[in-house]
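Encoded as structure tokens, the structure appears first; notes follow it.
The values are calculated or read from the model by the stated rules, or taken from the named source; none is laboratory data. Since we're looking at a predicted model, the values are computed, not measured. Here Cβ is always computed from backbone atoms with ideal geometry, including for glycine, and neighbour counts include all displayed protein chains. Side chains are part of the model used for accessible areas, which takes the heavy atoms of the whole protein and leaves out ligands, DNA and RNA. Shrake-Rupley method; radii C 1.70, N 1.55, O 1.52, S 1.80 Å.
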Amino acid sequence: MLIKKQPFEPCPTGTYAELKGWIRAQGLLEKQPGFLNRRILVTLGLLAASLTLLFLSDSLWFQLPNAALMAFTFGQIGFIVHDTGHRQAYRSQARNNLIGVLHANLLLGMSFGWWVGKHNRHHANPNQHDLDPDIGMPIFAFTEEDALAKRGFYRFMVRYQALFLFPLLFLEAWSLRIGSIYFLLRHRSRYRALEIGLMALNFVWVAGVAVTTLGVVKGLIFLAVQQALFGFYMASVFAPNHKGMPVLDKGVEIDFLRLQVLTARNIHPHPLTDYWYGGLNYQIEHHLFPTLSRNRLRAAHEIVKPFCHKHGIPYQESSMLGSYAEIFGHFHRVSAPLRRGLRRADR
């Protein structure tokens, strides 16, 4: 759904300030360095365990489950990158940047500077046409207008985008690497030299360990599986957050509270879900309070959800499977005009 005009009355003055006051009064906005430090230790322990398993056997059947374990561990590392990018744990910007660069560039092979800039633009303009980089992908369309504007190969991909969605998620890790390399080669950033050096070290240690322990062929197979599963994990976690939710045309005037709530979707809370999603299943609360540590999101959820209901603000919350059904349904509806052979002039 593309919103072209202001469909809502502005929130009463102070509504978001009132909500933030409730959140602050509960102490939820306080930095949580201890929590993130514990997550870092646990995650590095998982990585060490996975690397140890590589030295125990060169059997591919033994190592393929290990590739899945390492992919999951990389996903958990990605959540630490996300936490530091939002300064959720440490007051010092330098410390956030150091932890972020080490985890993103050295461990994942992704530019921390590139990702933070891209992610900040998304937070400022969620699901806003031509402003949110997360909906600016040429091989997908999020509104019928976007679908009808596609040409050539992209038009074919969008025509069947609901079918292509899940297979393409396996390429997300490579997309992150390519985007990072392109950014570092084309743009000057604060830690450019350090980022390039750490990304080069990432390639050396990741490829080197796999090939050294398993041999060239088995090592490359291990890496291909690990990167595909890591990409799928990350993309499947981020996909439910906004995809299938309303898209706002440029120029639509809407207050901050409604912008963040109406364009986001939560996944029902559960301890296992919270861990699997790295807290991002509380997407509404995260967008309202990006610096709020993920171990405080569930408490914030218990304040934000009734607050939205009280003020008549639609609050979307789905099950894990239900969220994907909503995404597939939305993608299928958006591309329907292409399957009927329509063009933009026919609208």
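Overview of results
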item: Residue within segment 202-219 that is in contact (Cβ under 8 Å) with a residue 24 or more places away in the chain, closer than 30 Å to Q93 by Cα and either touching a helix residue (DSSP H, G or I) at 6+ places or on another chain (Cβ under 7 Å) or crowded, with 16+ Cβ neighbours inside 10 Å (or both) present; result: yes
item: Test for N295: is it within 24 Å of W22 (Cα to Cα), at pLDDT 95 or above and surrounded by 23 or more Cβ atoms within 10 Å (Cβ to Cβ); result: no
item: Given (1) in a helix (DSSP H, G or I); (2) of a type in the set (F, W, Y); (3) at pLDDT below 95; (4) crowded, with 19+ Cβ neighbours inside 10 Å, number of the condition F142 does not satisfy; result: (1)
item: Answer residue from segment 173-201, given it is touching a Leu at 6+ places or on another chain (Cβ under 8 Å) and of a type outside the set (A, V, I, L, M, F, W, C) and is least open to solvent (accessible area, probe 1.4 Å) among those; result: E195
item: Those residues of segment 244-275 which are in a loop (DSSP other than H, G, I, E, B), within 17 Å of the chain's Cα centre (by Cα) and within 24 Å of T15 (Cα to Cα), in sequence order; result: M245, T263, A264, R265
item: P133 free of Cβ contacts under 8 Å to residues at least 24 places away in the same chain and either surrounded by 19 or more Cβ atoms within 10 Å (Cβ to Cβ) or out of contact with any Phe, Trp or Tyr (no Cβ under 9 Å at 6 or more places or on another chain) (or both); result: yes
item: Residues satisfying the stated conditions in segment 246-261, i.e. among the aliphatic types (A, V, I, L, M) and open to solvent by 20 Å² or more (accessible area, probe 1.4 Å); result: I254
item: Residue within segment 42-61 that is part of a helix (DSSP H, G or I), out of contact with any strand residue (DSSP E or B) (no Cβ under 9 Å at 6 or more places or on another chain) and of a type in the set (D, E) present; result: no
item: Selection status of A235, touching an Asp or Glu at 6+ places or on another chain (Cβ under 7 Å) and assigned to a helix (DSSP H, G or I); result: yes
item: Whichever residue in segment 163-172 is assigned to a helix (DSSP H, G or I) and open to solvent by less than 90 Å² (accessible area, probe 1.4 Å) and, among such residues, is nearest to L106 (Cα to Cα); result: E172
item: Complete set of residues in segment 42-61 that are more than 22 Å from the chain's Cα centre (by Cα), without any contact (Cβ under 8 Å) to a residue 40 or more places away in the chain and surrounded by fewer than 13 Cβ atoms within 10 Å (Cβ to Cβ); result: G45, A48, T52, L56, S59, W61
item: Options N202, N241; residue that is assigned to a helix (DSSP H, G or I) and either closer than 30 Å to L288 by Cβ or basic (K, R) (or both); result: N241
